[in-house]
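Here is the structure we will look at.
The values are calculated or read from the model by the stated rules, or taken from the named source; none is laboratory data. Owing to the predicted nature of the structure, the values given are computational and were not obtained by experimental measurement. Positions of Cβ are backbone-derived with ideal geometry, glycine not excepted, and every protein chain shown enters the neighbour counts. The area values use the complete protein model at the heavy-atom level, side chains included, leaving out ligands, DNA and RNA. Shrake-Rupley method; radii C 1.70, N 1.55, O 1.52, S 1.80 Å.
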Amino acid sequence: MIALLLRDLQLAFRAGGGFGLGLAFFLIVTVMVPFSVGPNSATLGTIAPGVLWLGALLACLLSLDRLLALDWEDGSLDLLATAPLPLEGVLAVKALAHWMTTGLPLVLAAPVLGVLLNLAPDGFAWITLSLLIGTPALSMIGTFGAALTVGLRRGGLLLSLLVMPLYVPTLIFGAEAARRGAAGFATETALLMLAGITAGTLACMPFAAAAVLRVNLR
Amino acid sequence: MSIWEYANPTKFLRTSARVMPTLWVASAVLIIGGLIWGFFFTPDDFRQGSTVKIIYLHVPAALMAINAWFMMLVASLIWVIRRHHVSALAAKAAAPVGIAMTLIALITGALWGQPMWGTWWAWDPRLTSFLVLFLFYLGYVALWEAIDNPDTAADLTSILCLVGSVFAVLSRYAVNFWNQGLHQGASLSLDAEKNVADIFAYPLWTCMTGFILLFIVLVLYRTGTEIRQRRIQALVAREKLEA
Amino acid sequence: MTLRITDLSLARGGVPVLAGLSFTLAPGRALILRGPNGVGKTTLLRTVAGLQPPLSGAIEGAEDQVAYCGHSDGLKLGLTVTENLRFWAQIFGQRDIEPALQAFALIGLHNRPAGGLSAGQKRRLALARMMVTGRRIWVLDEPTVSLDAASVALFASAVEAHLATGGAALLATHIDLGLQGDVLDLGPFKAKVPVSDGFDEVFL
């Protein structure tokens, strides 16, 4: 399993691995927001937590179709399925690798981009914390979506359509926590709900993802 | 005789053909009767005037929008556990009906909301939940459409339906939580059951029963169509095998 | 560890292709599958590898014993030959990749990224992968595609060495590898039009 994780990380960092694309996308989206809503600092400050969450979610979503598709195309997925590793474990590791290469950089970049959006001083810690808790769920749910659509032509668009509704609870609680934190309200409930969703997702989704991947491999 | 006998496609087609005419007539009578009763033979609401009468379409459609998803969930479980083809096809057949019901509920809600609240749309928890449900339906149907092999499609959509149900419930709670957050509290709520007096309730019950029957007959009809389509595919495949 | 196939029926894309197939594959033996395109060789091999379930019938002795090599090489083009091979060795809980590199004449290429290899060299690497799995039964689907004569000879001797240590091999190939083994023609097992059983038959 560790070998698989290391390989996925290695592939992401090698040329053509696409590491950093999600981060660049996150930056671009954040920069585009003031262009679309106007440069008013007060407006930007109000919407900053939501924009950062939405940007992170979209950046996560965009990198999902590479998550399993590359292994599918070159046949590695067949070989992994016949390997002694449980497929559930393989997918959990793939989700972890996705999080480490996409989710974690987004978490670290969010406070920096918060400056661009005039985020309230109280908000920086909360946006970082809520993203840190929430992004693993995004990666795991996304892995399920990727496993659902892995063999399909035009899978990318369908993947977004399938995964977005599943992202709704995570987005609501995550953005809510960041928003309340930025406004100086209590964040415990939202953060606990977010953590609950992440924990439940990490516990259950590998099984769902492995089940659909087995169907797709046959 | 066990209930699973009806999972035999031939038996299913024969039985559903026998009950469908009655169901068509009954649902038509109940819906038309209920609507006429509700539109013309109930007084206007003292606050809402005659706009309240859209309730006779809105509430039954909303009811079936949720129950259709429930039915798909049960049918998906039956397919996953017992692998009866008819069950998977019934789930497939129910989805577009569910979409139609959700759309009716959303559109009638907007028509009702405009004169009442002065807006077509508000991010009220109830409205938002229906919009999210609509998105789940879209994803489900899109996945069915995207996969060629019918058994693979049935497997994948079933699991999506199970996972989706969990997340749909989560979304419902999340949305409830969200609109009591920084936003002002829900100033617009429409809790039909509570503020409906008996005189409005009887035609409403009639319409709801009519919608339930309409849903059942539509699903039976569409499942029959799906079964026949599968048969054509199977016959074509068999011809290839013989050649 | 004998592979025993009993009364196997298989479908591809929902259409039955093979029916009533039975054979055994003892240690030290190779079984070469023959038959025209579309008869179901790949489907059979994928089923034996556990990637898809059969319609009916039993497969015994395949669980955790099969190393599968399909049409695609399963290589990561960004990784070197050694890295590719070492990864699969780790996945299968093995250490030593030297013999595999040697057997397929990959020593000289060991530091090259797989993306820079020719099609035949990639194929050799994919086949070398079988040696680092430590599995007893090799299941190979058209293994010699894009191999030149010398590489085919390398492959044949690798399979022979594997058989000599008590392994077994199930191959779909049209080339005569000069292996100690039997040939099974799948043609006679082509699925007939299914008989009606009055229930779900209309869907099969």
Practice problem: Let me have the relative contact order for segment A:30-134, percent, based on Cα pairs under 8 Å that are six or more residues apart. | Solution: 44
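Enumerate the helices in chain C for which the Kyte-Doolittle hydropathy averages 0.5 or more and the C-alpha atoms extend at least 20 Å along the helix's axis, using complete DSSP H runs.
Numbers: long enough: C:149-164 (22 Å, 1.44).
Flagged H segments are C:149-164.
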Quiz item: Cα to Cα, under 17 Å, and not fewer than 8 places away if on the same chain: which lysines meet these conditions relative to residue C:192?
Solution: B:240, C:41
Self-check item: Pair-distance profile P(r), taking every C-alpha pair of segment C:74-136, with 5 angstrom steps and integer %
Solution: 4, 22, 35, 26, 10, 2, 0
Exercise. Over the whole of C:70-83, what's the average partner chain Cβ count within 10 Å per residue? Rounded to a whole number, please.
Key: 4
Practice problem: For chain C, set up a Gaussian network in which alpha carbons nearer than 10 Å are linked by springs, and say which option among C:139, C:15, C:48 fluctuates the most. | Solution: C:15
Quiz item: Using θ = phi - 60° and the Karplus form 6.51 cos²θ - 1.76 cosθ + 1.60, what ³J(HN,Hα) does each residue of segment A:63-69 get, whole Hz, x for Gly and Pro?
Solution: 8, 5, 5, 7, 4, 10, 4
Exercise. Would you mind calculating the gained length between residue A:188 and residue A:54 on full extension (0.36 nm times residue separation, minus the Cα-Cα distance), in nm to one decimal?
Key: 46.1 nm
Quiz prompt | Tail fraction, Cα-Cα pairs, segment C:1-90, threshold 17 Å, whole percent | solution = 56
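Can you give the mean number of other chain Cβ atoms that lie within 10 Å of the Cβ atoms in peptide B:162-174?
Values: counts 2, 12, 3, 0, 7, 9, 4, 1, 11, 8, 2, 4, 11.
The shielding value for this peptide is 6.
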Practice problem: For segment C:17-23, take each phi angle, set θ = phi - 60°, evaluate the Karplus expression 6.51 cos²θ - 1.76 cosθ + 1.60, and give the result in whole Hz per residue in order, putting x for glycine and proline. | Solution: 10, 10, 8, x, 8, 9, 6
Quiz prompt | Of B:119, B:166, B:75, farthest towards positive along the dipole that unit charges on Lys, Arg, Asp, Glu beta carbons give chain B | solution = B:75
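For an R0 of 41 angstrom, estimate the FRET efficiency from the Cβ-Cβ distance between residue C:1 and residue C:82 and round to the nearest 0.05. Spell out each step's value before the answer.
Values: r = 30 Å, r/R0 = 0.73.
The calculated FRET efficiency here is 0.85.
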Quiz item: Just for the Cα atoms in segment A:133-218, what are the lengths along the principal axes, largest first, rounded to whole Å?
Solution: 52, 25, 13
Quiz item: For segment B:16-117, what is the convex hull volume of the alpha-carbon atoms per residue, in Å³?
Solution: 100
Quiz item: Hull surface divided by four, with the convex hull built on the Cα atoms of the protein assembly as shown: how many nm²?
Solution: 33.9
Practice problem: Enumerate the amide H contacts of residue C:18 below 5 Å, restricted to partners 5 or more residues apart or on another chain; note that Pro and chain-start residues carry no placed amide H. | Solution: C:10, C:191
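If you roll a 1.4 Å probe over the heavy atoms of the protein chains, what accessible area per residue do you get for chain C, in Å²? It would help to have the intermediate numbers written out before the result.
Numbers: 8440 Å² over 204 residues.
Accessible area per residue: 41 Å².
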Quiz item: What does a probe at residue A:2 reach in segment C:67-101, counting residues whose amide N is under 16 Å from the point 7 Å along Cα→Cβ?
Solution: C:87-95
Quiz item: How large is the dipole of the protein assembly as shown about the Cα centre if only Lys and Arg carry +1 and Asp and Glu carry -1, each at its Cβ, rounded to the nearest 20 debye?
Solution: 480
Practice problem: Report the dimensions of segment B:77-182 along its three principal axes from the alpha-carbon atoms, largest first, rounded to Å. | Solution: 49, 27, 21
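Quote the FRET efficiency, to the nearest 0.05, computed for residue C:52 versus residue A:42 with a Förster distance R0 of 51 Å and r equal to the Cβ-Cβ distance.
Working: r = 59 Å, r/R0 = 1.16.
Efficiency at R0 = 51 Å is approximately 0.30.
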Practice problem: With θ set to phi - 60°, apply the Karplus curve 6.51 cos²θ - 1.76 cosθ + 1.60 along segment B:91-102 and write out the HN-Hα couplings as whole Hz, x wherever there is a Gly or Pro. | Solution: 4, 4, 5, 6, 4, x, 5, x, 4, 4, 5, 4
Quiz item: Which of C:35, C:79, C:97 sits farthest toward the positive end of the charge dipole of segment C:1-97, with +1 on the Cβ of Lys and Arg and -1 on the Cβ of Asp and Glu?
Solution: C:35
Quiz item: Where in segment A:16-57 does the label zone of residue A:122 land, with the point 7 angstrom along Cα→C-beta and an amide N cut-off under 16 Å?
Solution: A:45-50
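Let me have the relative contact order for segment C:1-144, percent, based on Cα pairs under 8 Å that are six or more residues apart.
On the way: 231 pairs, mean separation 38.2, N = 144.
So the answer I get is 27 percent.
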Quiz prompt | Kirkwood Rh and Cα Rg combined as Rg/Rh, chain C | solution = 1.01
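I'd like to know how chain A sits against the 2.2 N^0.38 Å rule of thumb: what's its Cα Rg over that expected value?
Values: Rg = 17.6 Å, N = 218, 2.2 N^0.38 = 17.0 Å.
This ratio for chain A stands at 1.03.
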Practice problem: Sticking with the crude label model, points 7 Å out along Cα→Cβ, report the distance from residue C:165 to residue B:121 in nm, one decimal please. | Solution: 6.5
Quiz prompt | Distance cut-off 12 Å, percentage of C-alpha pairs in segment B:24-76 lying past it | solution = 71
Quiz prompt | chain B: relative contact order in percent, alpha carbon pairs under 8 Å with at least 6 residues between | solution = 34
Quiz item: Where does the charge balance sit around residue A:67 when Lys and Arg score +1, Asp and Glu -1, over other residues with C-beta under 13 Å from its C-beta?
Solution: -2
Quiz item: What lysines sit close enough to residue A:94 to cross-link, taking a C-alpha to C-alpha distance under 17 Å and skipping anything fewer than 8 places away on the same chain?
Solution: C:76
Self-check item: Virtual paramagnetic centre 7 Å along Cα→Cβ of residue C:34, amide N under 19 Å, in segment C:8-23
Solution: C:21-23
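Give, rounded to the nearest 20 debye, the magnitude of the charge dipole that chain A has about its Cα centre when Lys and Arg contribute +1 at Cβ and Asp and Glu contribute -1 at Cβ.
Working: 10 positive and 10 negative charges, 45 e Å.
It comes to approximately 220 debye.
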Quiz item: With a Cα-only, solvent-free Debye model of chain B, what are the log10 I(q)/I(0) values at q = 0.07, 0.13 Å⁻¹?
Solution: -0.29, -0.89
Quiz item: Average partner chain C-beta neighbours within 10 Å, per residue of B:131-143?
Solution: 4
Quiz item: Among A:192, A:140, A:162, whose Cα sits farthest toward the positive end of the charge dipole of segment A:135-218 (+1 at Cβ of Lys/Arg, -1 at Cβ of Asp/Glu, about the Cα centre)?
Solution: A:162
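Estimate for me the total accessible surface buried between chains A and B (protein heavy atoms, probe 1.4 Å, no ligands or nucleic acids), in Å² to the nearest 100.
Numbers: alone 10510 and 13760 Å², together 21790 Å².
Buried area between the two chains comes out at roughly 2500 Å².
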Quiz item: Using alpha carbon centroids, what distance separates segment C:70-147 and segment A:70-145, in Å?
Solution: 30
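Just to be sure I follow: if Rg is taken over the C-alpha atoms of segment C:52-97 and Rh is the Kirkwood radius over the same atoms, what is Rg/Rh?
Values: Rg = 14.5 Å, Rh = 13.2 Å.
Checking Rg against Rh, the ratio lands at 1.10.
At most 12 other Cβ atoms within 10 Å and a DSSP loop assignment: could you name the trypsin sites (Lys or Arg not before Pro) in segment B:26-123 that fit? Please report the intermediate quantities before stating the final value.
On the way: sites: B:47, B:53, B:82, B:83, B:92; in loops: B:47, B:83.
Answer by residue number: B:47.
What 222 nm value per residue comes from the helices of the protein assembly as shown, counting each DSSP H run with n ≥ 4 as -39,500 (n - 2.57) and dividing by all residues, nearest 500 deg cm²/dmol?
Working: 21 runs with 420 residues, N = 665.
Only helices count here, giving -21500 deg cm²/dmol.
Assign unit charges at the C-beta atoms only (+1 for Lys and Arg, -1 for Asp and Glu), then state the dipole size of segment C:1-156 relative to its Cα centre in Debye, rounded to the nearest 20.
Values: 16 positive and 11 negative charges, 36 e Å.
Computed charge dipole of segment C:1-156: roughly 180 debye.
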Self-check item: Candidate lysines - alpha carbon under 21 Å from residue B:11, same-chain residues fewer than 8 apart omitted
Solution: B:92
